[in-house]
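Enquirer: My structure is below; once you've seen it, I'll send some questions.
Only the coordinates and a few stated rules stand behind these numbers; no lab work does. On a predicted model such as this, the values are computed, not experimentally measured, just so you know. In this analysis, Cβ positions are derived from the backbone assuming ideal geometry, glycine residues included, and neighbour counts consider all displayed protein chains.
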Amino acid sequence: MKLAGWATLGAGAAVMVVGGILGGMASQKTGEYEDGYARHMAYAEAQELLDQAEGLETGMFVCLGVGAAAAVTGAVLLILDSRSEALVATAQAGPLTIRPSLTGLILDF
């Protein structure tokens, strides 16, 4: 489970980086749109820039959400794996002896 945890955490981080890149690209397209508006760009060209910026922004939000969910899932897997290793170590700490008695069973740790 440790490998799956690290892989999921890393993939989530990578997807979030892609989301950040898409956000930067969306910001750039929005800047181009605003510059074009100031110099009286044709409506069709301005609308195309705005549509591209909105599409990139949507991609950014999707990547950030999916990446964050994957990173949290990877972290949870790593936490669960470390706890299960601690439980196994505790369970293997010593021999367990079960013996009968007059009143039932006796467990010796």
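Enquirer: How do 43, 33 rank when sorted from fewest to most other Cβ atoms within 10 Å of their own Cβ?
Expert: The fewest-first ordering by Cβ neighbours comes to 43, 33.
Enquirer: If you don't mind, another one. Please express the shape of segment 1-61 as an equivalent ellipsoid: the semi-axes are the square roots of 5 times the eigenvalues of the C-alpha gyration tensor, given largest first in whole angstrom.
Expert: Each semi-axis is the square root of five times an eigenvalue, giving 36, 9, 5 Å.
Enquirer: Which ordering of 45, 32 is given by a fewest-first count of other beta-carbon atoms within 10 Å?
Expert: 45, 32
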